[in-house]
Amino acid sequence: MQSSCRICGGVVLKSIDLGQQPRGNGFLLPRDVENELTFHLTMGLCGSCTMAQLQGEVPQELRYHDSYPYHASVSAVHREHFEGNARYFLEHELTGPDPFIVEIGSNDGVMLATIAQAGVRHLGVEPSKEVAELSMARGVRVLSEFFDETTATKIRLEHGPADVIFGANCIAHIAHLASVCRGVESLLGPDGVFVFEEPYFGAVVDNTAFDMIYDEHSFYFAVRSIKAMAERFGLELVNAEPLPLHGGTMRYTLGRPGMRTPAPAVAEFLEEERARGLGEHETLLRFSARVERIRDDLNALLARIRAEGHRVVGYGAPAKTTTVTNYCGIGPDQIPYVVDNTPAKQGRLVPGTHIPVLPPSAFHEDYPEYALLFAWNHAEEIMAKETAFRDRGGRWILYVPDVHVL
């Protein structure tokens with residue numbers, strides 16, 4: 001268990017212990033059950049720079065392998081959001097004579113496809129080859145490698161400095177974040193911006209969203225910790241913008257010191273986080289106590305529903321499903337299957353608990369009385385689509401910010 005901060009070297013105090021866990025996105029075929037990797041999942045807080053982080057690490061090659069199952073384009077909400085990001089960059093940042101944008105973790109090209117269609121120089125850096133190939137099929141130029149200081153140097157030598165470096169739901173996933181920051185600093189143009197979006201640690205704490213803690217999320221960002229990180233690597237935090245995605249996301253904008261005036265929101269969030277004690281160990285100990293209560297309440301509810309002769313199935317199989325089912329000890333006896341619309345997950349098993357993942361047709365062909373919504377960050381989109389379930393008397397179970405039935 002790592003006790004020193006990956007960013008500043010300070011002491012990291014263990015705050016949350018979710019027990020033995022498999023890889024969050026390690027959905028496996030039945031024949032692979034015996035070879036499943038597990039690790040002890042704990043999260044701690046740095047007493048110096050206040051960066052929240054995992055205290056163990058699964059090698060990145062195991063987390064982001066060639067058949068990595070997450071596709072950003074599956075969600076209509078995500079498609080619209082990332083296309084909007086692309087339009088914003090085209091209108092406000094990529095306006096010079098020959099602009100250049102780099103996306104770290106470009107996934108299936110959902111954002112860069114719009115940039116490519118506009119004829120703007122671009123490069124996606126995506127280590128998972130299967131999703132990189134989906135991106136290339138959209139006309140996106142991709143380098144299938146992990147982004148770090150060495151990769152950034154190579155990109156700058158070939159393409160020149162970047163006007164924009166962008167990352168969404170990937171920067172906090174990179175355990176070698178210090179090398180990423182050094183790479184960004186070397187690749188960024190004089191007036192360039194490093195823009196990244198990640199689940200906001202304040203929202204994770206507010207929502208008791210413990211399922212956001214899994215092997216891929218090496219860090220949990222707050223405005224205070226990002227400001228300290230930026231300054232450590234020769235950059236400056238110039239804006240922090242809240243977004244509704246994933247139950248509460250923050251978009252951070254970093255630039256070179258003195259090149260842009262920091263937005264008032266930066267100071268406002270810093271004061272708000274100080275008042276809330278977001279960077280204090282005691283705050284996370286209280287969070288941990290709420291997590292234990294959710295575990296107990298959810299198990300009690302599932303037991304009562306089964307005792308009444310009703311069925312519960314799972315809806316959505318994001319990586320969050322792995323954390324919840326393993327921490328709460330929920331297996332096929334309580335939930336016979338989970339449905340998900342990602343083809344790469346169908347026919348596989350939820351890591352650790354080995355609950356089968358089926359296509360949504362299984363849900364529609366035989367509606368249960370209850371559905372446990374693991375993909376709660378897409379609740380509005382899902383419930384609007386599944387009106388027939390509601391009309392037949394179906395009820396949704398949610399566990400964020402507490403256990404309740406809709």
Next on the checklist: Given the whole protein assembly as supplied and a 1.4 Å probe, what does the accessible area of residue 130 come to in Å², nearest 10?
Outcome noted: 100
Checklist entry - Once both axes come from the Cα atoms, what is the angle between helix 223-232 and the longest principal axis of the chain, in degrees from 0 to 90, rounded to 10? => result 40
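To the nearest µm²/s, what D does Stokes-Einstein give for region 94-180 at 25 °C and 0.890 mPa s, using the Kirkwood radius over alpha carbon pairs as Rh?
Rounded, D is 190 µm²/s.
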Item to check | Pairwise FRET efficiency - residue 282 versus residue 381, Cβ, R0 = 35 Å, nearest 0.05 | outcome: 0.45
Next on the checklist: Between region 334-406 and region 217-232, how far is it from one alpha carbon centroid to the other, in angstrom?
Outcome noted: 34
Checklist entry - Expressed in nm to one decimal, what extension gain is obtained for the pair residue 297 and residue 395 from 0.36 nm per residue of sequence separation less their Cα-Cα distance? => result 33.6 nm
Checklist entry - Using all Cα-Cα distances in region 280-320, what percent lands in each 5 angstrom bin from 0 up to the longest? => result 5, 18, 16, 18, 20, 11, 7, 4, 1
Checklist entry - At a probe radius of 1.4 Å, what is the per-residue accessible area of residue 387, in Å² to the nearest 10? => result 50
Checklist entry - Where Rh is the Kirkwood radius over the Cα pairs of region 274-406, the temperature 25 °C and the viscosity 0.890 mPa s, what D in µm²/s does Stokes-Einstein return? => result 157
Next on the checklist: Let me cross-check residue 306: its accessible surface, 1.4 Å probe, with only protein heavy atoms counted, in Å² to the nearest 10?
Outcome noted: 120
Next on the checklist: If I stretch the segment between residue 150 and residue 17 completely, what's the gain in nm (0.36 nm per residue apart, minus their alpha carbon distance), one decimal?
Outcome noted: 44.5 nm
Next on the checklist: Give me the one-decimal Kirkwood hydrodynamic radius in Å for region 341-406, with the sum taken over alpha-carbon pairs.
Outcome noted: 13.0
Item to check | Proximal lysines relative to residue 385, as straight alpha-carbon distance under 27 Å, when same-chain residues fewer than 8 apart are discounted | outcome: 320, 345
Next on the checklist: Let me see the P(r) profile for region 122-260: every Cα-Cα distance counted, bins of 10 Å, each bin given as a percent of all pairs.
Outcome noted: 12, 40, 36, 12, 0
Item to check | Degrees separating the helix 76-92 axis from the principal Cα axis of the chain, which is the longest one | outcome: 10
Checklist entry - Quick one: Cα centre-to-centre distance for region 244-305 and region 117-189, in angstrom? => result 27
Checklist outcome for this item: The simple spin-label model distance between residue 35 and residue 267, using points 7 Å out along Cα→Cβ, in nm, is 5.8
Next on the checklist: Can you sort 333, 402, 163 by solvent-accessible area, 1.4 Å probe, largest first?
Outcome noted: 333, 402, 163
Item to check | Label-point gap, in nm, between residue 117 and residue 402 - each point 7 angstrom along Cα→Cβ | outcome: 4.6
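Ranked by accessible surface with a 1.4 Å probe, highest first, in what order do 217, 81 come?
So the residues, ranked largest to smallest area, are 81, 217.
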Next on the checklist: For a bin width of 5 Å, list the pair-distance distribution of region 77-142 built from all Cα-Cα distances, rounded to whole %.
Outcome noted: 4, 20, 31, 26, 14, 5, 1
Checklist entry - Ranked highest first by the average count of other Cβ atoms within 10 Å around their residues, in what order do 225-235, 24-34 fall? => result 225-235, 24-34
Next on the checklist: Could you tell me the relative contact order of region 232-308? Use alpha-carbon pairs under 8 Å, at least six residues apart, and round to a whole percent.
Outcome noted: 23
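The values are calculated or read from the model by the stated rules, or taken from the named source; none is laboratory data. Treat the numbers as computed from the prediction; the structure is a model and nothing was measured. No Cβ is skipped: glycine too gets one built from the backbone with ideal geometry, and neighbour counts run over all protein chains shown. Ligands, DNA and RNA are stripped out before the accessible areas are found, and what is left, the full protein with its side chains, is counted by its heavy atoms. Shrake-Rupley method; radii C 1.70, N 1.55, O 1.52, S 1.80 Å.
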